[in-house]
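The values are calculated or read from the model by the stated rules, or taken from the named source; none is laboratory data. Computed from a predicted structure; not experimentally measured. Counting neighbours? That spans all protein chains shown, and the Cβs are built from the backbone with ideal geometry, glycine included. These accessible areas exclude ligands, DNA and RNA; they are computed on the full protein's heavy atoms, side chains included. Shrake-Rupley method; radii C 1.70, N 1.55, O 1.52, S 1.80 Å.
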Amino acid sequence: MTTLREALEQNVREGELYEKLEKNKVRCYACGHCCPIPEGLPGVCKVRFNRGGKLYVPWGYVGGVQCDPIEKKPFFHAHPGALAYCFGMMGCDLHCAYCQNWVTSQAIRDPAALAPALRATPEGLVKDALRQKARVVVSTYNEPLITSEWAVAVFKEARAAGLKTGFVSNGNGTPQVLEYLRPWVDLYKVDLKSFDDRHYRQLGGRLQPILDTLRRLHEMGIWLEIVTLLIPRFNDSADELQRLTEFLAGVSPDIPWHVTAFHKDYKMTDPENTRPEDLLRAAEIGKKAGLRYVYAGNLPGGVGELENTCCPNCGELLIERYGYFISAYRLTATGTCPSCGSGIPGRWDTCFQGQITAHPYLPRLRRPSLPRILST
Ligand code: SF4
């Protein structure tokens, strides 16, 4: 019987984000690990590997497809109400004990993570996205940086069909992968998980490449929103939150910061679930640091005004939300506050185009076009 590892090793092509080194080694630049990989071995992510002195990367499948409201990614300042057609592959460069997508992200690393991989083509995915009336195609669920070549192939098709594109990522990038993505990615969400390098090392990464990626994405003009999952006793100290939000405000006070509630998941079951008052306290720290757009997520109805977008100049309510549902939209056609005329940063449509769903759903996949490459 074919194992998941064998199936994934057959669904590859030569990558573009690497250089050849002496003795048939290669160095991968798809994420901040920059793995030097000897012949016959994979990198830290387990899905990119050296075969015969060439780097082979995931190709031709998805580990999951789902239609999400764009607010779930979360993007609050980009095409409100749009349906995001989301796809992922397998694997991750980190191994967070609280990962909510561990079934796909920890595939191969964790024997309990068994997701069905479905054969796919960029054309087929984009056709399906159009059929669902999606306006944005998003690479998410596993870490998209490590499957950048596939994401770019899908995004090229998506752009040609008039769709926008997005990454939902841990932000552990390199200058090389960001230049590679730059022409094809409109929206980028980074999970800034902590502001403490020791915490990042527990998760399998380092803080510095993530901070460098945030600065670069902003300089490149890619629309950027940040999420911090607030985990009691892991990253919720006032000092850490102050340093984290001061850094973000230093890059730009206009970057939206979403502080969201942790719930016990995967292997992290010790900390208590985040309470509304914890989110409110963190949001206050973010505002004090100078961030103009601070949102509290995952606890609909429990965080007052912090689900809404308000004008930072006059306080006018601009977009009212309950969870992912948009209940009011008052921005002008040019993305300004109707009361005082202040420009609100983001990627706005000329008017609110309605909302297909405020809840995620699985698209009606056509089995003949997306057969499994491995039955689990
Ligand atoms: S994507 Fe990252 S972890 Fe995977 S091989 Fe490349 S540098 Fe290593």
Zone residues, the stretch 158-192, relative to Arg13, backbone N less than 15 Å from point 7 Å out along Cα-to-Cβ: 158
Within the stretch 54-79: backbone nitrogen closer than 17 Å to the Arg347 label point (7 Å, Cα to C-beta): 68-79
Among Glu22, Glu277, Glu246, residue whose mean-square fluctuation peaks in a GNM of the chain (springs only between Cα atoms under 10 Å): Glu22
Nearest 10 degrees, 0 to 90: helix 148-160 Cα axis against the chain principal axis: 60
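In square angstrom, what is the accessible area per residue of the stretch 90-248 with a 1.4 angstrom probe? Don't jump to the answer; show the numbers that get you there.
Values: 5440 Å² over 159 residues.
So the stretch 90-248 comes to 34 Å² accessible per residue, rounded to a whole number.
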Spatially proximal lysines relative to Lys73 (Cα-Cα < 20 Å; intrachain offsets below 8 disregarded): Lys133, Lys164, Lys189, Lys193, Lys264
Stretchable slack from Ala333 to Leu41, in nm (0.36 nm times residue separation minus alpha-carbon distance): 99.8 nm
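Just to make sure I understand: if all protein chains stay in place, what is the order of Arg198, Arg135, Arg206 by accessible area at 1.4 Å, largest first? Mind dumping the intermediate values first?
Values: Arg198 170, Arg135 60, Arg206 100 Å².
Greatest to least solvent exposure: Arg198, Arg206, Arg135.
Would you mind putting 307-313, 249-255, 65-71 in packing order, based on average other-beta-carbon counts within 10 Å, highest first? It would help to have the intermediate numbers written out before the result.
Working: 307-313: 19.4, 249-255: 16.6, 65-71: 22.1.
Peptide ranking by packing, descending: 65-71, 307-313, 249-255.
Given a 1.4 angstrom probe, I'd like the percentage of the accessible area of the chain that is carbon and sulfur, rounded to a whole number.
50
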Difference of contour (0.36 nm per residue) and Cα-Cα distance, Arg215 to Glu246: 9.8 nm
Principal-axis tilt of helix 276-288 within the chain, Cα atoms, nearest 10 degrees: 80
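For the chain, what is the mean residue ellipticity at 222 nm derived from helices alone (per DSSP H run of n ≥ 4: -39500 (n - 2.57); sum divided by total residues; nearest 500 deg cm²/dmol)? List each step's numbers first, then the result.
Numbers: 9 runs with 89 residues, N = 376.
Mean residue ellipticity, 222 nm, calculated: -7000 deg cm²/dmol.
Compute the length gained on full extension between Gln100 and Glu277: take 0.36 nm times their separation in residues and subtract their Cα-Cα distance, giving the result in nm to one decimal. Before the final figure, lay out each step's value.
Values: separation 177, 0.36 × 177 = 63.72 nm, distance 2.26 nm.
Full extension of this stretch gives 61.5 nm more.
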R0 of 22 Å, Cβ-Cβ distance Glu6-Arg201: FRET efficiency to nearest 0.05: 0.10
Rounded tilt (10° steps) of 122-131 against the dominant C-alpha axis of the chain: 30
For the chain: relative contact order, % (alpha-carbon pairs under 8 angstrom, 6 or more apart): 17
Cut-off under 5 Å, modelled amide H: who pairs with Leu229 long-range: Thr260
GNM flexibility winner over the chain from Gly32, Gly304, Gly346 (Cα, springs under 10 Å): Gly304
Hits among lysines - C-alpha to C-alpha of Lys23 under 20 Å, sequence gap 8 or more where chains match: Lys54
